[in-house]
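See below for the structure under consideration.
The values are calculated or read from the model by the stated rules, or taken from the named source; none is laboratory data. Here the structure is a predicted model, which means the values were calculated and not measured. Ideal geometry is used to build each Cβ from the backbone, glycine not excepted, and the neighbour counts take in all protein chains shown.
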């Protein structure tokens, strides 16, 4: 990333202090609710936001949301502390802090919202803020491209998710998560809700085949990568699936979709991770493995599976944040992240080496780290799963490859003879080391004292399961099948690590298809858009008007056909001479407009039609509307006449153009409009709205002119919008007329 340094204030100055203290204060506030939530209490605070739509800003604090909130704020504090040194003196550091704080608030809102519509708002806040963070180095084309990719992929899934929210809210009768009673698995709209929610969750949490955007998000600065991968956005989809499990889970389609997609993602990502040489990319693909594993166990849905998923959620957050921050220290201290170059850093970077090995040991599932407990319970859940062979095979394969990845990331770079690097290897500053040390230490502490983790895992599992779940975390209890599988994981993983160079070479023969496919897709979209624009935007106003009225005619024809409207022709006996005179006046003006070859004559003829309409208003007792009509017509004729003076001369070939299609279209629109109006007049009129305005105008709006009251009070915003549109149109017309010059004949 191209850095421009201006100063090096302590911890980034005021922007840095705020970014550190804010999440720290929030972490303290959430931490004080741990005892209450651990006993099974669910805390809800609600503030009406849009009462007419049933939208409220409700905070739902149970085991699941509290666990996420603690991870978001706790890791967020360490990440912002790290960033204050990593981006020291960067000219855009304050902007970075703003983006990161918005990202944090969006993620907190996502996991704490009790209302699904509010949840979606925060869901999109994370999407937009992550776009800004991934593309933070805006001068780099790669960063811009990858940021746009993340925005488009997750944004498309979000549209489906929004549709799912609307359908679910309709089916459940509420958008409040805490108010949804029972499951919706028997509802006729269940499949629609399921697939729409799956689209949102899978794109957000990068499940195959939507996985390719996540490794590309590594274009973001390292603090963003650490935060995004460990505790925030990419786990938004996992949170959604976990939250909706009591409502949508328990069906065959839920089970097989999540189990197959999660298993494929876990194994595929583990294989691709081994073929990488950039340590940051290796960690990115191991995140995909973790996300796939979490999705798979949520899909399994047994008590053991949910316990394993919630345990692994915390395990992964600790070691992944520590490893990403460690990689930032290595990159900062050596100038490279290439796993084939880095060797022998242990003596120059002893603290970083210790952190890396402890965190990687947790990722590999070695005792006495918390990762060992997480892996043990995943094996127990796999052995208890309905599709045991598939689940066990996926988790064993992924765990073995994670062992290999851990060795590549945290063992090989620090042992052996010190290799030459672009920058002479040196230890990182203390703000960059505090976070990795604490996170690695938490992985060790929770492993040695798993009772601490139970306080979070038990209520979180209960929230996902929709009822109490027995949780008993332990480091070692007995030699059982799960323990033997762990030993087999270590053995096979060690053997594969010894030959990981050849393994990488073999895997490198398989070319990536998804990311290049994305570029081809976007090129196709751009080409299609260009072609469609060329077809539609011809630059001919006549064609635009024709297409617009053709669409109107088709819409009206469809409405008449579907509603089976029958026009009721009123009796003509009551028509007087004045009515026939006005009719002839209007028809004559319309016919002259259609046949004339002079612009000025056409404008004047249209004015005649407008005056005829004003006469109709006068005849039927609406003089105020008639005056308005006359003013508008006069103004229109004057303005258009002025505009004519600025327009080029009319092409005589254009004047001779056959107008048969225009005539047919005009007659069709007119006839359909007449049919609809006659049918409307023949139908009984519902006077309820009329009575409301008659009764409410004086007491509520203090006015007796009902039309004025409706415009000024009841439709105030609508009227204001209309005025704004007219003003903008007037300004546009003025600019257009002022900038046009009449060509010389």
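Numbers at a glance
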| item | result |
| --- | --- |
| Number of the exception - residue 504 against (1) at pLDDT below 85; (2) more than 34 Å from the chain's Cα centre (by Cα); (3) over 28 Å from residue 372 (Cβ atoms) | (3) |
| Matching entry among 28, 58, 16, 40 (being modelled with pLDDT under 90, surrounded by fewer than 23 Cβ atoms within 10 Å (Cβ to Cβ), outside any strand (DSSP E or B) and not assigned by TED's automatic domain parsing to the domain that holds residue 316) | 40 |
| Residues located in the range 99-118, provided they are in a helix (DSSP H, G or I), touching a residue at least 60 places away in the same chain (Cβ under 8 Å) and in contact with a strand residue (DSSP E or B) (Cβ under 6 Å, 6 or more places away or on another chain) | 117, 118 |
| Looking only at the range 623-653, and only at residues there that are in contact with a helix residue (DSSP H, G or I) (Cβ under 9 Å, 6 or more places away or on another chain) and over 17 Å from residue 603 (Cβ atoms), the one that is modelled with the lowest pLDDT | 624 |
| Among residues of the range 304-320, those that are surrounded by fewer than 24 Cβ atoms within 10 Å (Cβ to Cβ) and either farther than 16 Å from residue 474 by Cβ or outside the structural domain of residue 446 (by TED's automatic domain parsing) (or both), counted | 0 |
| Single match in 68, 96 (criterion: in a helix (DSSP H, G or I), under 21 Å from residue 225 (Cβ atoms), in contact (Cβ under 8 Å) with a residue 60 or more places away in the chain and touching a strand residue (DSSP E or B) at 6+ places or on another chain (Cβ under 8 Å)) | 96 |
| Test: residue 542 is out of contact with any strand residue (DSSP E or B) (no Cβ under 7 Å at 6 or more places or on another chain) and more than 30 Å from residue 664 (Cβ to Cβ) | no |
| Selection count, the range 446-473, where residues are touching a residue at least 24 places away in the same chain (Cβ under 8 Å), more than 34 Å from the chain's Cα centre (by Cα) and in a helix (DSSP H, G or I) | 3 |
| Unique residue being closer than 19 Å to residue 301 by Cα, within 22 Å of the chain's Cα centre (by Cα) and surrounded by 24 or more Cβ atoms within 10 Å (Cβ to Cβ) when the list is 201, 231 | 201 |
| Some residue of the range 474-492 being under 40 Å from the mean Cα position of the chain (by Cα), part of a loop (DSSP other than H, G, I, E, B) and touching a residue at least 12 places away in the same chain (Cβ under 8 Å) | yes |
| Residue 427 being within 22 Å of residue 83 (Cβ to Cβ) and assigned to a loop (DSSP other than H, G, I, E, B) | yes |
| Given (1) assigned to a helix (DSSP H, G or I); (2) over 18 Å from residue 663 (Cβ atoms), number of the condition residue 566 does not satisfy | (1) |
| Matching residues in the range 404-420 - criterion: being under 37 Å from the mean Cα position of the chain (by Cα) and over 13 Å from residue 357 (Cβ atoms) | 404, 405 |
| Count - residues of the range 239-269 that are over 23 Å from residue 508 (Cα atoms), assigned to a helix (DSSP H, G or I) and more than 23 Å from the chain's Cα centre (by Cα) | 7 |
| Residue under evaluation residue 586, criteria (1) more than 27 Å from residue 707 (Cβ to Cβ); (2) modelled with pLDDT of 85 or more; (3) touching a helix residue (DSSP H, G or I) at 6+ places or on another chain (Cβ under 6 Å), criterion not met | (1) |
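The rows are residues; the columns are (1) in contact (Cβ under 8 Å) with a residue 60 or more places away in the chain; (2) more than 26 Å from residue 82 (Cα to Cα).
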residue	(1), (2)
170	no, yes
176	yes, yes
194	yes, yes
218	yes, no
233	yes, no
248	yes, yes
254	yes, yes
